[in-house]
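These notes concern the structure reproduced below.
The values are calculated or read from the model by the stated rules, or taken from the named source; none is laboratory data. These figures come from a predicted structure and were not determined experimentally. Every residue, glycine among them, receives a Cβ derived from its backbone with ideal geometry; neighbour counts consider all protein chains shown.
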Amino acid sequence: MKAMYGSQTASFFGYSHFAGGFAGGQAEYVRVPLADVNLLEIPDEVPDEKALYLSDVPPTAYNAVKDTAVYPNDQVAIFCAGPIGQMAGVFAVDEGASKVIFVDTEPRLSTLADRWPAQHKDRLELIDYKKLSFGVTNKETVVSRLKELCGGRGPDVAIECAAGEYAKGWMHWEGLLRKIQLGELDPTQMVSHRYRLEDIDKVYHKFDGKEDSMQKVFVETRFSFPRAEGTPELTTC
C-alpha cells in the first residue's frame with residue numbers, strides 16, 4: 001500500500017500486510033494503537049453478533065450506497081453477492097431502490113436469496129454471469145440481461161462489491177450503531193455460522209474449501225455474551 005499510495009490508509013489486526021497488518025486479531029487480548037479514535041464503545045444492550053460487524057461490512061456497504069447516491073425508484077445493480085454486496089442491497093432498498101439486481105454465481109446467489117428480507121423479495125433480481133456469454137456476441141450477456149431488466153436502458157446505479165479498496169467506514173460507525181439500537185438495521189442476516197475460538201484453525205480450512213455454505217462466521221470467545229436470539233447455533237468442528 002505504501003508503494004501504491006505513498007502511505008497506509010488503514011491497518012488490520014491479523015489481516016493482509018498488503019494493507020498493513022498488526023498481529024493479534026484473533027487473540028483474547030489486543031493492544032490497539034490510538035484507541036480513543038480506533039475503537040467504538042458498544043453499549044451492553046447491543047448483542048455481540050450485531051456490534052462486531054460494524055468493524056467492516058455494514059459501514060463499507062453503507063458508504064458505497066451513500067457515496068454512489070441511490071435515489072427513490074432507482075434500479076441498482078450490485079456486482080458480487082457476498083456479505084458486503086448483500087448489505088449494500090439492503091441499504092439501497094432503504095434509500096428507496098425499486099429494484100436490486102445482483103450479478104454473481106452460485107452458491108452465493110442462492111445464499112443471498114435465502115437471506116434476503118422477505119418483505120423486499122419483489123425487488124430482488126439475480127443474474128448468474130457463468131450462465132451467460134460475454135464479449136462481442138449475439139447471445140445473452142450480463143449487459144443485455146441488465147438492459148432487459150431495466151427497461152432497455154440499464155440500471156441507474158452500479159455498485160462493485162468484489163474488490164479490496166479502503167472505504168471510509170469509520171465515519172458511519174455511530175450512525176449505524178444507532179440504527180442497530182433502534183431496530184432499523186440487523187447485520188446478523190449475513191451471519192451463517194458460529195464457532196469457538198479454539199476451532200478457528202479448522203474453520204479456516206473449511207472456509208477456504210467453500211464448505212458448508214460459509215459466509216460470515218461469528219467467533220465465540222470466553223468473553224462473548226450469550227448467543228443472541230435468531231443467530232446461528234454454535235457449531236463444532
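Odds and ends about this structure:
- Number of the exception - Thr137 against (1) farther than 16 Å from Cys161 by Cα; (2) in contact with a helix residue (DSSP H, G or I) (Cβ under 8 Å, 6 or more places away or on another chain); (3) of a type in the set (Val, Ile, Thr): (2)
- Region 181-213: number of residues that are basic (Lys, Arg) and either within 18 Å of the chain's Cα centre (by Cα) or assigned to a strand (DSSP E or B) (or both): 3
- Of Cys150, Cys161, all but one fail to be at pLDDT 90 or above, touching a Cys at 6+ places or on another chain (Cβ under 6 Å) and buried (at least 17 other Cβ atoms within 10 Å of the Cβ); the exception is Cys161.
- Glu140 meets the conditions (1) surrounded by fewer than 16 Cβ atoms within 10 Å (Cβ to Cβ); (2) among the acidic types (Asp, Glu); (3) closer than 30 Å to Thr231 by Cβ in every case but one. The failed one is (3).
- Considering region 83-128, and only residues there that are within 19 Å of Asp212 (Cα to Cα), surrounded by fewer than 19 Cβ atoms within 10 Å (Cβ to Cβ) and touching a residue at least 40 places away in the same chain (Cβ under 8 Å), the residue that is nearest to the chain's Cα centre (by Cα) turns out to be Arg115.
- Matching entry among Gly183, Gly209 (being small (Gly, Ala, Ser) and more than 23 Å from Leu54 (Cα to Cα)): Gly209
- Residues satisfying the stated conditions in region 57-73, i.e. surrounded by fewer than 19 Cβ atoms within 10 Å (Cβ to Cβ) and over 16 Å from Lys179 (Cβ atoms): Asp67, Thr68, Ala69, Tyr71, Pro72, Asn73
- Selection count, region 138-180, where residues are within 17 Å of Leu54 (Cα to Cα) and β-branched (Val, Ile, Thr): 1
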